[in-house]
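First comes the structure, then the notes that go with it.
The values are calculated or read from the model by the stated rules, or taken from the named source; none is laboratory data. Keep in mind that this is a model prediction, so the values were computed, not measured. Cβ coordinates were reconstructed from backbone atoms using ideal geometry, including for glycine residues, and neighbour counts include every protein chain displayed.
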């Protein structure tokens, strides 16, 4: 069975030959692996670069799908000035430790709808934005599933433009600019999503991080009032282009109260199931929602992968497959990108364990 067949069978709640995986890497881990495997490791220039980068490394390790998404436009690439990186949204980044952190936000002082209306979002169809996605689809679609990246769909990109503390406070106070900004972000993101569906992706990953380790950042009621109708609109518009497109939703942390709402508006796949977050037990979620949702993720990236030994990593993979693999409907993956503090031997152990324990019929 090809990786593509394996992935698509799983998306239809059936058992393939083994549990499929779609795993992502941080650039630091990709560099280590690329040098060891003699494969290209440089990240692509994109707002969500980890979702579309390091393809050759990941396929060699065992991924069953290829991630695609928008690049930054050719006419507005990232550039460095005085040790700082500036991108086409107007974010200014500075290297802090292992990551490029945003130190200046283009709408940090926004207060009015007029200011939002004047702010120019990037062109979703700008020259060069879809060159890599088109190339990857041509190259890989025959043998691998294609997954489009549309995370930070509304909430995360909006608050990043403003700053989290200000955005959350202004959201609670229902300042008009907040809703104008979210709708402007939605318009840009939806155009990107429609383009990916038109290009032929098999699944598209939407979502925003609303969860913390113990619960939601905002109340479920506020999510239902503000974000649910907007996500429903996104789902409907994507399905106008392809009624059979599979739609995933990503949120780190604990978001149990809104899972039924997501199912109600048409969700197919839930990601990443952070197992150490409150109420995110994969086995319980599978029992409760497994007839309606595909589960994508589940492997502990907070402790097992970075800090466990290889035996513990294998047991972690075995556990997650036992919890969610039966009757299909499970795409195994870490609950976050594999982080820089993860030993390479643990990564190899993780992929080998998927092969060993994920073969159907499961005997766990």
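Some observations on this one:
- Qualifying residue in segment 11-33 (condition: free of Cβ contacts under 8 Å to residues at least 40 places away in the same chain, more than 15 Å from residue 145 (Cα to Cα), under 18 Å from the mean Cα position of the chain (by Cα) and crowded, with 19+ Cβ neighbours inside 10 Å): yes
- From the list 290, 224, 308, 253, the one residue that fits, being modelled with pLDDT of 95 or more and on the phi > 0 side of the Ramachandran plot, is 253.
- Qualifying residue in segment 99-118 (condition: touching a residue at least 60 places away in the same chain (Cβ under 8 Å), in contact with a strand residue (DSSP E or B) (Cβ under 6 Å, 6 or more places away or on another chain) and on the phi < 0 side of the Ramachandran plot): no
- Segments classed as strands (runs of 3 or more DSSP E), wholly inside segment 88-165, with at least 3 members that are crowded, with 20+ Cβ neighbours inside 10 Å: 145-149
- Single match in 171, 238, 186 (criterion: more than 30 Å from residue 64 (Cα to Cα), assigned to a helix (DSSP H, G or I) and touching a helix residue (DSSP H, G or I) at 6+ places or on another chain (Cβ under 7 Å)): 171
- Some residue of segment 73-86 being touching a residue at least 24 places away in the same chain (Cβ under 8 Å), surrounded by fewer than 20 Cβ atoms within 10 Å (Cβ to Cβ) and either touching a helix residue (DSSP H, G or I) at 6+ places or on another chain (Cβ under 9 Å) or under 23 Å from residue 334 (Cα atoms) (or both): yes
- Verdict on residue 196 being touching a strand residue (DSSP E or B) at 6+ places or on another chain (Cβ under 6 Å), assigned to a helix (DSSP H, G or I), surrounded by 15 or more Cβ atoms within 10 Å (Cβ to Cβ) and in contact (Cβ under 8 Å) with a residue 24 or more places away in the chain: yes
- Scanning segment 133-155 for residues that are more than 21 Å from residue 168 (Cα to Cα) and out of contact with any strand residue (DSSP E or B) (no Cβ under 7 Å at 6 or more places or on another chain) yields 134, 135, 138, 139, 141, 142, 143.
- Residue match in segment 335-356 (condition: under 18 Å from the mean Cα position of the chain (by Cα), surrounded by 23 or more Cβ atoms within 10 Å (Cβ to Cβ) and at pLDDT 95 or above): yes
Here is a yes/no grid of residues against (1) within 16 Å of residue 211 (Cα to Cα); (2) under 19 Å from the mean Cα position of the chain (by Cα); (3) touching a residue at least 60 places away in the same chain (Cβ under 8 Å); (4) surrounded by fewer than 20 Cβ atoms within 10 Å (Cβ to Cβ):
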| site | (1), (2), (3), (4) |
| --- | --- |
| 246 | no, yes, yes, no |
| 266 | no, yes, no, yes |
| 272 | yes, yes, yes, no |
| 277 | yes, yes, yes, no |
| 294 | no, yes, yes, no |
| 299 | no, yes, no, no |
| 308 | no, no, no, yes |
| 319 | no, no, no, yes |
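- Among the residues of segment 34-45, those that are at pLDDT 95 or above and out of contact with any helix residue (DSSP H, G or I) (no Cβ under 9 Å at 6 or more places or on another chain) comprise 35, 38.
- Near pairs, Cβ below 7 angstrom, 6+ apart or cross-chain, from segment 52-66 (at positive phi and in contact (Cβ under 8 Å) with a residue 40 or more places away in the chain) to any residue that is crowded, with 21+ Cβ neighbours inside 10 Å and outside any strand (DSSP E or B): 62/354
- Candidates in segment 51-87 are the residues that are at pLDDT 85 or above, over 30 Å from residue 352 (Cα atoms) and part of a loop (DSSP other than H, G, I, E, B); of these, the one that is farthest from the chain's Cα centre (by Cα) is 87.
- Test result for residue 48, at pLDDT 95 or above, surrounded by fewer than 20 Cβ atoms within 10 Å (Cβ to Cβ), more than 21 Å from residue 306 (Cβ to Cβ) and within 22 Å of the chain's Cα centre (by Cα): no
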